[in-house]
Amino acid sequence: MAAHQEKKLAQERRHKTIQNDTKASQGQWGRAWEVDWFSLASILFLLMFAPLIVYYFIMSCDQYQCSLTDPLLDLLTGNKHLSDIWNKTPTLTYRAAGIYSLWVAFQVVLYVFIPDFCHKFLPGYVGGVQEGAVTPAGVVNKYEINGLQAWIITHALWFANAYCFHFFSPTIIFDNWIPLLWCANILGYVVSTFAMIKGYFFPTNAKDCKFTGNFFYDYMMGIEFNPRIGKWFDFKLFFNGRPGIVAWTLINLSFAAKQQELYGEVTNSMILVNVLQGIYVLDFFWNEAWYLKTIDICHDHFGWYLGWGDCVWLPYLYTLQGLYLVYHPVQLCTANAVGILMLGLMGYYIFRTTNHQKDLFRRTNGNCKIWGKKPQYIECSYMSVDGTKYYSKLMTSGFWGWARHFNYTGDLMGSLASCLACGFEHILPYFYIVYMTILLTHRCLRDEHRCFSKYGKDWKHYTAAVPYRLLPGIF
């Protein structure tokens with residue numbers, strides 16, 4: 001009897017060891033296997049308050065001329081009750097539901113059914129069928145890269161309507177902004193819930209799923225690594241890149257049209273916001289194939305964080321500068337406008353050049369020149385779930401020798417420029433730079449924690465060679 005129990009315990013220990021080894025290997029990618037109390041508290045906070053934050057910002061512009069303090073003062077002093085604010089908020093309308101449904105359906109059609117043709121005549125553009133990075137299960141997914149094409153078609157139709165056909169007003173987005181918010185929330189929650197159900201019952205690849213046993217964490221951070229329907233509809237690529245980012249420039253154009261309608265002119269600050277943010281949107285689509293190698297696609301699972309975030313958080317909070325300028329038009333003096341433009345362009349140059357250096361280094365396996373010299377690097381190794389050993393080279397030359405995430409530094413400079421275009425009368429337009437600073441700093445820490453788990457002692461050698469994360473000599 002005792003021998004039988006000892007044998008059983010030995011088998012359980014061996015089984016647990018195998019499970020832990022598998023988890024350790026898979027843990028190199030994606031989100032956590034286990035949930036600590038701080039992570040759970042953060043998740044619950046975001047699930048409860050992120051939708052309220054978005055509503056508060058948009059409501060403050062609609063009812064309080066973009067003041068973030070006046071609503072609170074009204075509530076604290078008893079001048080208004082929550083019901084008063086809520087009752088003045090525009091509700092979901094059939095018009096908004098129709099607009100939003102057509103918008104999403106149109107983007108699905110452009111994404112799934114129209115193969116890319118831009119790469120056939122645009123020199124330097126990489127589109128069409130491209131391979132993503134290897135997944136934790138050792139799978140290499142293929143993607144139809146056609147985001148630039150979708151953006152061009154969408155905006156061509158927008159301008160054709162604005163100047164030729166006049167089927168709808170260019171201010172249509174602004175005029176239905178809050179009813180569209182409810183539509184975006186519905187889609188965000190529906191797709192996040194569907195992704196979780198799919199992960200449990202019919203995952204695309206069971207080996208690329210992670211379950212913690214904690215409902216809230218799994219719902220927030222996602223279960224499946226690459227949920228798909230059919231061969232080409234990839235949830236992560238579609239919702240990360242379409243419909244939110246395609247809409248970003250249309251939203252800003254609608255805000256500019258509203259400013260023209262209300263004041264008879266479009267201010268130089270509104271033009272700056274449209275130009276600076278438009279550059280980043282176009283850059284995203286021009287380099288969509290490169291995006292397949294970023295943290296969003298290579299490491300994040302698809303859950304509420306991406307599903308709801310891409311549908312609601314991105315289009316509604318990343319466009320606050322343009323919304324603010326509808327209510328508070330700012331005409332900058334020439335010197336300030338030029339200075340802000342230069343800051344934004346410099347930030348974009350750093351952002352793009354840094355990413356280009358890394359991409360060139362990867363494509364050539366280090367057989368290239370960075371700043372006229374052969375790049376330096378540290379070679380690292382890691383294991384996939386199936387036990388296959390892979391090797392990576394981490395560059396320590398060029399901008400990547402200045403800081404480990406110097407591309408984020410350029411991104412922050414561009415974000416700050418679009419905020420500065422709004423002047424200093426209100427703090428609302430500066431939410432963007434505050435949020436981006438928190439987001440990118442947190443992303444640095446997440447990425448480095450993951451890289452340390454993945455590469456081990458090799459990562460320590462790399463951080464010794466490049467000691468700073470974002471700001472050389474400071475952080």
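The values are calculated or read from the model by the stated rules, or taken from the named source; none is laboratory data. Everything numeric in this text was worked out from a predicted model, so none of it was measured. Ideal geometry is used to build each Cβ from the backbone, glycine not excepted, and the neighbour counts take in all protein chains shown. Surface accessibility is based on the protein's heavy atoms, side chains included, excluding ligands, DNA and RNA. Shrake-Rupley method; radii C 1.70, N 1.55, O 1.52, S 1.80 Å.
Listing for the model above:
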{"item": "Residue list for region 222-240, filter: open to solvent by 10 Å² or more (accessible area, probe 1.4 Å) and part of a loop (DSSP other than H, G, I, E, B)", "result": "226, 230, 231, 232"}
{"item": "Counted residues, region 390-404 - those being surrounded by fewer than 21 Cβ atoms within 10 Å (Cβ to Cβ) and closer than 26 Å to residue 140 by Cα", "result": "4"}
{"item": "Any hit, region 72-81, residues being of a type outside the set (A, V, I, L, M) and under 30 Å from residue 287 (Cβ atoms)", "result": "no"}
{"item": "Some residue of region 209-221 being touching a strand residue (DSSP E or B) at 6+ places or on another chain (Cβ under 7 Å) and in a helix (DSSP H, G or I)", "result": "no"}
{"item": "Residue count for region 440-472, restricted to those that are in contact (Cβ under 8 Å) with a residue 60 or more places away in the chain, part of a helix (DSSP H, G or I) and of a type outside the set (Gly, Ala, Ser)", "result": "10"}
{"item": "Filter result for residue 289 (over 17 Å from residue 439 (Cα atoms) and open to solvent by 30 Å² or more (accessible area, probe 1.4 Å))", "result": "no"}
{"item": "Whichever residue in region 131-157 is closer than 21 Å to residue 254 by Cα and of a type in the set (Val, Ile, Thr) and, among such residues, is least open to solvent (accessible area, probe 1.4 Å)", "result": "154"}
{"item": "Of the criteria (1) surrounded by fewer than 21 Cβ atoms within 10 Å (Cβ to Cβ); (2) in contact with a Pro (Cβ under 8 Å, 6 or more places away or on another chain), which one residue 283 fails", "result": "(2)"}
{"item": "Residues being part of a helix (DSSP H, G or I), more than 14 Å from residue 318 (Cα to Cα), out of contact with any Phe, Trp or Tyr (no Cβ under 8 Å at 6 or more places or on another chain) and open to solvent by 10 Å² or more (accessible area, probe 1.4 Å) - total across region 245-274", "result": "8"}
{"item": "Qualifying residue in region 310-322 (condition: farther than 30 Å from residue 217 by Cα, at pLDDT 95 or above and open to solvent by less than 10 Å² (accessible area, probe 1.4 Å))", "result": "yes"}
{"item": "Residue list for region 319-341, filter: over 25 Å from residue 246 (Cα atoms) and assigned to a helix (DSSP H, G or I)", "result": "334, 335, 336, 337, 338, 339"}
{"item": "Output for region 209-221, where each listed residue is crowded, with 17+ Cβ neighbours inside 10 Å and of a type outside the set (Lys, Arg)", "result": "209, 212, 217, 218, 219, 220, 221"}
{"item": "Test: residue in region 168-184 that is open to solvent by less than 40 Å² (accessible area, probe 1.4 Å), under 17 Å from residue 102 (Cα atoms) and without any contact (Cβ under 8 Å) to a residue 24 or more places away in the chain", "result": "no"}
{"item": "Conditions (1) surrounded by fewer than 19 Cβ atoms within 10 Å (Cβ to Cβ); (2) modelled with pLDDT under 95: number failed by residue 361", "result": "(1)"}
{"item": "Condition check for residue 409: touching a residue at least 40 places away in the same chain (Cβ under 8 Å), touching a Gly at 6+ places or on another chain (Cβ under 9 Å), hydroxyl-bearing (Ser, Thr, Tyr) and closer than 22 Å to residue 473 by Cα", "result": "yes"}
{"item": "Given (1) of a type in the set (S, T, N, Q); (2) more than 25 Å from residue 294 (Cβ to Cβ); (3) open to solvent by less than 10 Å² (accessible area, probe 1.4 Å), number of the condition residue 107 does not satisfy", "result": "(2)"}
{"item": "Cβ pairs under 7 Å, 6+ apart, first in region 310-322 and closer than 20 Å to residue 235 by Cα, second among the aromatic types (Phe, Trp, Tyr) and modelled with pLDDT of 95 or more", "result": "315/248"}
{"item": "Residues of region 110-125 satisfying the condition of being surrounded by 14 or more Cβ atoms within 10 Å (Cβ to Cβ) and outside any loop (DSSP other than H, G, I, E, B)", "result": "110, 111, 112, 118, 119"}
{"item": "Among the candidates 420, 428, 445, residue that is more than 25 Å from residue 221 (Cα to Cα), open to solvent by 30 Å² or more (accessible area, probe 1.4 Å) and either more than 24 Å from the chain's Cα centre (by Cα) or not charged (D, E, K, R) (or both)", "result": "420"}
{"item": "All positions within region 188-208 that are part of a loop (DSSP other than H, G, I, E, B) and surrounded by fewer than 16 Cβ atoms within 10 Å (Cβ to Cβ)", "result": "202"}
{"item": "Test: residue in region 79-93 that is part of a loop (DSSP other than H, G, I, E, B), among the aliphatic types (A, V, I, L, M), touching a residue at least 12 places away in the same chain (Cβ under 8 Å) and out of contact with any Gly (no Cβ under 6 Å at 6 or more places or on another chain)", "result": "yes"}
